[in-house]
Amino acid sequence: MRNETQPRVGISTQSGVAVMTLARPQNLNALSRALTDELDANLLRLAADETVRVVVLQADGKHFCAGADIADMSTMTYDEATRTDFIGCSRELGRFPKPVIAAVHGMVLGGGCELAEMCDIVLAADDAVFAHPEVTLNAMPGAGGTQRLPRAVGRHLAMDMLLTGRRLSAEEARQAGLVSRIVSRDQLRSQALALAEEIAQRPLGLLTRMKQSVLRAHPGLDEGLAFEASSFQACFQEEPFLQAMQAFVKKQEARR
Ligand code: CO8
């Protein structure tokens with residue numbers, strides 16, 4: 001097994017493209033506090049690095065990301081939850097000044113789906129599956145899912161997914177507007193890099209102005225994110241959520 005003291009986010013940079021790789025595959029890249037802190041620190045550095053024009057976010061292992069680390073959250077009290085910035089990872093990714101391409105495969109769940117929603121282009125492998133299963137834990141999204149998913153796929157499909165945990169195939173997600181392009185699983189990394197290199201040929205100033213302009217296409221987002229954050233924190237007062245997390249950690253319950 002991999003040593004948890006090793007970096008949880010790998011970085012490589014060349015030709016104006018930085019590739020960030022979630023590297024916690026033994027836990028299906030579940031978003032532990034340590035992982036999101038590393039993600040944030042890398043994003044801050046890449047935002048300031050003028051040699052970087054485009055970022056690719058990808059993941060090691062069978063799945064892109066199984067969402068928030070339920071084991072981490074299961075030990076948290078309500079007081080701790082109210083002091084925790086669950087959208088910490090999204091603060092940097094969601095407002096990152098340069099284009100970000102998500103290259104996703106396998107399960108793209110909960111907080112993992114929220115990472116993809118924060119990116120500018122979503123390249124999906126043909127085996128990708130998208131869902132917000134928080135409701136099956138008696139919880140709700142806490143890193144922007146209630147805000148960015150409806151903006152991507154429309155309110156009605158978003159509510160269907162959020163209220164049932166319904167899974168979308170890559171093709172369904174592409175038709176709904178959550179995915180930009182689908183590629184075969186073995187071509188995912190090379191295609192993401194090729195797309196990033198194509199975009200990185202443009203001037204950095206143009207790319208950042210374009211991105212800043214598109215971010216303004218969603219007025220009211222910050223207010224919605226703040227409301228969602230406190231609503232998610234409130235789940236930590238509710239017994240059904242606390243019990244569902246314990247059941248997951250103790251592998252007591254089959255979950256969809
Ligand atoms: N958290 C912690 N550990 C996880 C998680 C998770 N989300 N998902 C999987 N793991 C662990 C398992 O416990 C298991 O560990 P071990 O090998 O030590 O027993 C290992 O990863 C492999 O998992 P499985 O054996 O379950 O693998 P399967 O292939 O049988 O199943 C699934 C894969 C379907 C993805 C299944 O693991 C699953 O349902 N996972 C939980 C998915 C989920 O409910 N995600 C939503 C979490 S809530 C959320 O994301 C809210 C976001 C709030 C803000 C985020 C801020 C960071």
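The values are calculated or read from the model by the stated rules, or taken from the named source; none is laboratory data. Everything quoted here is computed from the prediction, not taken from an experiment. A quick note on method: Cβ atoms are made from the backbone with ideal geometry, for glycine too, and the neighbour counts reach across all protein chains shown.
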- request: Filter region 118-167 down to the residues that are over 26 Å from Arg91 (Cβ atoms) and not in a loop (DSSP other than H, G, I, E, B), then identify the one that is farthest from the chain's Cα centre (by Cα).
  value: His156
Within region 30-76, tally of residues that are closer than 30 Å to Phe248 by Cα and either modelled with pLDDT of 95 or more or not basic (Lys, Arg) (or both): 31
- prompt: Can you tell me which residues in region 155-168 are among the small types (Gly, Ala, Ser) and within 19 Å of Cys119 (Cβ to Cβ)?
  reply: Ala158
task: Return only the number of the condition from (1) out of contact with any Lys or Arg (no Cβ under 9 Å at 6 or more places or on another chain); (2) without any contact (Cβ under 8 Å) to a residue 60 or more places away in the chain; (3) surrounded by fewer than 17 Cβ atoms within 10 Å (Cβ to Cβ) that Gly110 does not satisfy.
output: (3)
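So which residues in region 83-100 are at pLDDT 90 or above and of a type outside the set (Lys, Arg)?
Of everything in region 83-100, those that are at pLDDT 90 or above and of a type outside the set (Lys, Arg) turn out to be Leu93, Gly94, Phe96, Pro97, Pro99, Val100.
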query: Any chance region 117-140 includes a residue that's of a type outside the set (Ser, Thr, Tyr), surrounded by fewer than 17 Cβ atoms within 10 Å (Cβ to Cβ) and away from the ligand (no atom under 16 Å from the Cβ)?
result: yes
query: For region 1-109, list the strands (runs of 3 or more DSSP E) that sit wholly inside it and hold at least 1 residues that are of a type in the set (Val, Ile, Thr), within 13 Å of the ligand (Cβ to nearest atom) and closer than 23 Å to Ile121 by Cβ; which are they?
result: 107-109
- request: Considering only residues that are part of a helix (DSSP H, G or I) and touching a strand residue (DSSP E or B) at 6+ places or on another chain (Cβ under 6 Å), look in region 178-188 and name the one that is nearest to Val100 (Cα to Cα).
  value: Leu188
message: Of everything in region 219-253, what is over 18 Å from Thr82 (Cα atoms) and of a type in the set (S, T, N, Q)? Give them in sequence order.
response: Gln243, Gln246, Gln252
query: Looking at (1) more than 9 Å from the ligand (Cβ to nearest atom); (2) part of a helix (DSSP H, G or I); (3) closer than 24 Å to Gln191 by Cα; (4) not aliphatic (A, V, I, L, M), which is the one condition that is false for Glu114?
result: (1)
statement: Of the conditions (1) in contact with a His (Cβ under 8 Å, 6 or more places away or on another chain); (2) farther than 19 Å from Arg151 by Cα; (3) not hydrophobic (A, V, I, L, M, F, W, C), the single one that Gly110 does not satisfy is (2)
- prompt: Any idea which of (1) over 22 Å from Ala116 (Cβ atoms); (2) touching a residue at least 60 places away in the same chain (Cβ under 8 Å); (3) of a type in the set (D, E, K, R) is the one Arg83 doesn't satisfy?
  reply: (2)
query: Which of the residues spanning region 216-256 are exposed (fewer than 13 other Cβ atoms within 10 Å of the Cβ), of a type in the set (Asp, Glu) and within 13 Å of the ligand (Cβ to nearest atom)?
result: Glu253
